[in-house]
1. Looking for whichever is at pLDDT 50 or above and exposed (fewer than 15 other Cβ atoms within 10 Å of the Cβ) here; the options are Arg66, Arg16, Arg5. Which one fits?
2. Can you pull out the residues in the range 155-176 that are within 25 Å of Ile58 (Cα to Cα) and crowded, with 22+ Cβ neighbours inside 10 Å?
3. State yes or no: is Leu34 over 30 Å from Glu279 (Cα atoms), in a loop (DSSP other than H, G, I, E, B), over 18 Å from the mean Cα position of the chain (by Cα) and at pLDDT 90 or above?
4. Counting only residues that are part of a helix (DSSP H, G or I), within 18 Å of the chain's Cα centre (by Cα) and not small (Gly, Ala, Ser), which one in the range 249-283 is modelled with the highest pLDDT?
5. Do any residues in the range 163-176 that are closer than 17 Å to Leu247 by Cβ have Cβ atoms under 9 Å from those of residues that are of a type in the set (D, E, K, R) and part of a helix (DSSP H, G or I), where the two are at least six apart or on different chains, and which pairs are they?
6. If I ask for residues that are at pLDDT below 90 and of a type in the set (Ser, Thr, Tyr), which ones from the range 108-127 would you list?
7. For Gly185, are the conditions met, namely being at pLDDT 90 or above, under 20 Å from Met219 (Cβ atoms) and not in a helix (DSSP H, G or I)?
8. For Ile58, indicate whether it is surrounded by fewer than 18 Cβ atoms within 10 Å (Cβ to Cβ), more than 17 Å from the chain's Cα centre (by Cα), modelled with pLDDT under 60 and farther than 16 Å from Lys146 by Cβ.
Amino acid sequence: MKKIRHLHGSFFSQQRVPVNPQIFGTLNLHRRELSSSQASVPLVSIIIPTYNESQNIINLIQSIRRYTENLFSAEIIVVDDISPDKTGIIVKEYADKMYSQKICQRQYSAGDQQIQQVVSVRVICRNSKEGLVSAVLCGMKNSLGKYILVLDADFSHPPNLVVDMVNELRNSHYDIISGSRYLKGGQIIGWPFRRRAISKFATLLARTILRLNHITDPMSGFFAFKRDIMTGITFNTSGFKLLLEILVKADGAKVKEIPYSFTDRKAGSSKLSSKVILEFAKALLHLYAYYITKQPGNKQKKQIKSENLGIDVSSFVKSHVQ
């Protein structure tokens, strides 16, 4: 296992925790027991994976704090993959300043009747670039909240919707609240036609193959869920969209989508690489194999069929993206 540093100096000491989805295996998301002197029980854990997001991250954290403070308690967990632009260090310095000013040192125990509306910030700095899914899972594993929310660091996901998503979880029977670019009222701003076309095709492919026709945007990176629906799920589509795997593997989970405007990143850069396309193909094939083996019938026959399909599709993708 690789070392991961928790940087803000309060609740968590340096420790060894796994960072790869395959290493995680079945994710245990029961909230850890803390001593009464260290007890901190936020309602929601907001996980932000980062790599070279120094231009955005502090503005995003401040925006989330403005929208959520005095409404409910939250912890913001930034998981940084040793960004060359020192994103992790920047967040650490920001969190240290918050603690030095006693902005978020108010603590409370699980037994307290009056929950304080506090937003805390901490950062997990990893020693190598392990990928988006791995970063989110690492944040989930080290979170404390009853609810978990995931969003990108580049402002493509509007932070003002964080409150709406959390309130939906608190006040409804839904287990997952997902932001959708394709639901009526949603949109994509700033993408060229080619990027839009690829995204729509990939979404249609995932919905069709995985029988997710009731979900308009199964590959959204902006979603929130109740902690307990993750119990027993094994994650192993390394590198691609986590929500897609949750939708396939969280049996019986009730999902509600809300429309939002996806805005291409305000600062920094991103690109749709051949590696990303291949990761999507691999994830789709794995989840298809998982889906068909859950269905009644000849399990062995279906496994063989999915393996053959995987070879054909992978070969096709490789020949078209290089």
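The values are calculated or read from the model by the stated rules, or taken from the named source; none is laboratory data. This is a predicted model, so every value here is computed, not measured. In this analysis, Cβ positions are derived from the backbone assuming ideal geometry, glycine residues included, and neighbour counts consider all displayed protein chains.
1. Residue meeting the stated conditions: Arg66.
2. Residues satisfying the conditions are Ser156, His157, Val162, Met165, Val166.
3. no
4. Out of the qualifying residues, it is Lys249.
5. Pairs found: Tyr174/Glu168; Asp175/Asp228.
6. Tyr108, Ser109
7. The answer is yes for Gly185.
8. Spelling it out, it is not the case that Ile58 is surrounded by fewer than 18 Cβ atoms within 10 Å (Cβ to Cβ), more than 17 Å from the chain's Cα centre (by Cα), modelled with pLDDT under 60 and farther than 16 Å from Lys146 by Cβ.
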